[in-house]
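Novice: One structure coming up, written as C-alpha cells, with questions to follow.
The values are calculated or read from the model by the stated rules, or taken from the named source; none is laboratory data. This one's a predicted model, so the numbers in the text were calculated from it and none came from an experiment. Here the Cβ positions follow ideal geometry from the backbone for every residue, glycine too, while neighbour counts run over all protein chains shown. Side chains are part of the model used for accessible areas, which takes the heavy atoms of the whole protein and leaves out ligands, DNA and RNA. Shrake-Rupley method; radii C 1.70, N 1.55, O 1.52, S 1.80 Å.
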Amino acid sequence: MPRTVLVLNSGSSSVKYAVVEPDSGAMVADGIVERIGEGVVADHAAAMQIVFEELADDMTGVVAVGHRVVHGGPDLYKPTLVDDALIGTLEELAPLAPLHNPPALLGIRVARNALPHLPHIAVFDTAFFHDLPPAASTYAIDRDIAAQWHIRRYGFHGTSHQYVSEQAAAFLDAPLGSLRQIVLHLGNGASASAIVGGRPVDTSMGLTPLEGLVMGTRSGDIDPGVITYLWRTAGMSVEDIETMLNRHAGMLGLGGEIDFRVVHQRIESGDEAAQLAYDVYIHRLRKYIGAYLALLGGADVITFTAGVGENDAAVRRDALSGMAALGIELDEQLNTSTTRAARRISADNSPTTVLVIPTDEELAIARACVEVIDA
Ligand code: ADP
C-alpha cells in the first residue's frame, strides 16, 4: 500500500482535509467540514471526528499529518515537526494573524490528540517568501517600530506560488533557474508574485493576507488613511474596520457577490454594481502585472491558477488584453478551452508564454511533510 499524508487546513468555521499520496501525487480522498460552531458541528474536535468518520479506511496508509499554517512570523518558514515548543511559538504569533492562526492552532491540538502516534508537520503559507529581497519586504515606516513589532511584508499563498512556478518550468521543459515568472493565484483569496530563477522577488500580500489584489471579500490595497478616517470620524471600532476590510469588502463589498460565475451573469443582465466590482478587480490585477513586468524587465511566463484563474477565461483575457507591445498575446481559442489540465493559452508567436496550471496545495504540503520525515 502506498504511503499517504493527511493534510488539514483548519479555518475558523471549516476544516478542509485531504489524503494524498506524495509519491504518485494521487488524491485518495478529500472533503470539507463546514459550519463549525453552528450547532450540528459544535467545535473543531467534533469536526475532526467527522473527518475521521468520512475518511475511515482511507486513514490506514497515513504516515504523517500536514497542517497548513497561514503565518509563520519572522522565524518559522521550514516545514516543521510539531512539538510543544512549536505550539508555544505559534501561540505567540497569534496576534500577527488573529484571523488565521488561532483556528490552525486549534486544528493542530485536536488532531494531535486524536492521532498522537503520527508525526504532525506545520507547513507555512509565508515560507516561500521568507527571503524576499529587503526592498520588497520592507514597509517605508519608522524602522524601530517595524523591528519591534516584526512588521514586514511576509507574503502568503507561498505553497501555491512555489508549486505553480515549479510546474510551469516543468511544463515548458525549461530550467526553473532560467525563468522570469509572474504567478497569479486568483481564488477567493488572491495574490500575485514575481519570481526569478525559482525565487520570489515580490508578492502582493504583506504583513497580513489583506494587501494587494481585490479579493472575494478583502479589499486588497487601500490608503491607510481610510482606516484612521473610519476610526476617528466614522466612529467605527478597530474590530468593525478589520471585519469590513476582511469580510465585507472586495467583490462582495462592491457587487454583493464573490462567485465570478454569478458576477458575469449579473453583468450580462445590466447590474452596474457587478460591472464596477469587475472593473476594479481587473484594473488592480493589470496594475500588478505591469508592476511585475517592470520589476522583472519582462516575463518569460505568466501563469494563472486557483478557482478564478483556472476557470475564468474572461478574467484572463481582460487581465492581459492590449499587451502585445509588452510581448503578451493570448490565443482566444486556447484561452476559452475548458480542459482542466495544465495548458498554454498564449499565441504561438507571443514572446511571453501564458499558462493555466491547476494549483495543488495539498500535494505540495504532503510532499513537504515526507521530506521532513525522510530527513
Ligand atoms: P479559495 O481561496 O477559497 O481556495 P478557490 O481557489 O477555490 O478559493 O476559488 C473559488 C472561486 O473561484 C469562487 O468564488 C469563484 O469565484 C471562482 N470559480 C470557481 N469556478 C469558476 C468558474 N467555472 N468560472 C469562474 N469562476 C469560478
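Novice: Here is a check on your reading of the model: is residue 299 surrounded by 15 or more Cβ atoms within 10 Å (Cβ to Cβ), touching a residue at least 40 places away in the same chain (Cβ under 8 Å), aliphatic (A, V, I, L, M) and assigned to a loop (DSSP other than H, G, I, E, B)?
Specialist: When the stated conditions are applied, residue 299 passes them.
Novice: Right, another one. Of the conditions (1) within 16 Å of the ligand (Cβ to nearest atom); (2) over 28 Å from residue 166 (Cα atoms); (3) in contact with a Gly (Cβ under 8 Å, 6 or more places away or on another chain), residue 284 satisfies every one except a single condition; which number is it?
Specialist: Every condition holds for residue 284 apart from (2).
Novice: Continuing with this model, one more query. Restricting to region 235-259, give me the number of residues that are farther than 16 Å from residue 219 by Cα and either within 15 Å of the ligand (Cβ to nearest atom) or small (Gly, Ala, Ser) (or both).
Specialist: Of the residues in that region, 2 qualify.
Novice: Another one. Suppose the filter is touching a Phe, Trp or Tyr at 6+ places or on another chain (Cβ under 9 Å) and away from the ligand (no atom under 16 Å from the Cβ); does residue 291 pass it?
Specialist: In short, no.
Novice: OK, next. Give the residues of region 15-57 that are over 13 Å from residue 114 (Cβ atoms), small (Gly, Ala, Ser) and open to solvent by less than 30 Å² (accessible area, probe 1.4 Å), sorted by residue number.
Specialist: Result: 18, 25, 29, 31.
Novice: Quick one: count up the residues across region 100-141 that are under 17 Å from residue 366 (Cα atoms), assigned to a loop (DSSP other than H, G, I, E, B) and more than 21 Å from the chain's Cα centre (by Cα).
Specialist: 3
Novice: Which one is most open to solvent (accessible area, probe 1.4 Å) among residues in region 335-359 that are outside any loop (DSSP other than H, G, I, E, B) and under 15 Å from residue 172 (Cβ atoms)?
Specialist: 344
Novice: Right, something else. Just for region 302-317: of the residues that are assigned to a helix (DSSP H, G or I) and either in contact with a Cys (Cβ under 9 Å, 6 or more places away or on another chain) or of a type in the set (D, E, K, R) (or both), which one is farthest from the ligand (Cβ to nearest atom)?
Specialist: 317
Novice: Of all residues in region 134-159, how many are surrounded by 14 or more Cβ atoms within 10 Å (Cβ to Cβ), of a type in the set (A, V, I, L, M, F, W, C) and under 15 Å from residue 193 (Cα atoms)?
Specialist: The total comes to 2.
Novice: Let me ask another. Please go through region 263-283 and give me each residue that is farther than 13 Å from residue 314 by Cα and open to solvent by less than 40 Å² (accessible area, probe 1.4 Å), ordered by number.
Specialist: 274, 277
Novice: Also, quick follow-up: Could you list, in sequence order, all residues of region 164-178 that are crowded, with 24+ Cβ neighbours inside 10 Å and of a type outside the set (Gly, Ala, Ser)?
Specialist: Matches in region 164-178: 164 only.
Novice: Here are 289, 258, 328: which of them is under 24 Å from the mean Cα position of the chain (by Cα), β-branched (Val, Ile, Thr) and either over 30 Å from residue 95 (Cβ atoms) or surrounded by 20 or more Cβ atoms within 10 Å (Cβ to Cβ) (or both)?
Specialist: Result: 289 is the single residue among 289, 258, 328 that is under 24 Å from the mean Cα position of the chain (by Cα), β-branched (Val, Ile, Thr) and either over 30 Å from residue 95 (Cβ atoms) or surrounded by 20 or more Cβ atoms within 10 Å (Cβ to Cβ) (or both).
Novice: Among the helices (runs of 4 or more DSSP H) contained in region 180-256, which hold 2 or more residues that are closer than 21 Å to residue 139 by Cβ?
Specialist: By residue number, 224-232, 238-247.
Novice: Which residues, counting only those in region 1-14, are outside any loop (DSSP other than H, G, I, E, B) and either closer than 22 Å to residue 40 by Cα or open to solvent by 40 Å² or more (accessible area, probe 1.4 Å) (or both)?
Specialist: Within region 1-14, 8, 9, 10 qualify.
Novice: Exactly one condition in (1) touching a Leu at 6+ places or on another chain (Cβ under 8 Å); (2) open to solvent by 20 Å² or more (accessible area, probe 1.4 Å); (3) under 21 Å from residue 369 (Cα atoms) is not met by residue 111; state its number.
Specialist: Unmet for residue 111, out of (1) touching a Leu at 6+ places or on another chain (Cβ under 8 Å); (2) open to solvent by 20 Å² or more (accessible area, probe 1.4 Å); (3) under 21 Å from residue 369 (Cα atoms): (2).
Novice: Just to verify a result, which residue in region 181-202, among those that are touching a helix residue (DSSP H, G or I) at 6+ places or on another chain (Cβ under 6 Å) and more than 16 Å from residue 301 (Cα to Cα), is surrounded by the fewest Cβ atoms within 10 Å (Cβ to Cβ)?
Specialist: Out of the qualifying residues, it is 187.
Novice: Can I ask one more? State the number of residues belonging to region 177-202 that are in contact with a Phe, Trp or Tyr (Cβ under 9 Å, 6 or more places away or on another chain) and within 16 Å of the ligand (Cβ to nearest atom).
Specialist: 9
Novice: Here is a follow-up. How many of the residues making up region 314-370 are free of Cβ contacts under 8 Å to residues at least 60 places away in the same chain and touching a Pro at 6+ places or on another chain (Cβ under 7 Å)?
Specialist: Adding up the residues that qualify gives 2.
Novice: Taking only pairs six or more apart or across chains, which ones have beta-carbon atoms under 7 Å, a first residue in region 230-251 that is within 19 Å of residue 214 (Cα to Cα), and a second residue that is within 16 Å of the ligand (Cβ to nearest atom) and of a type in the set (Lys, Arg)?
Specialist: 245/218; 246/218; 249/218; 250/218
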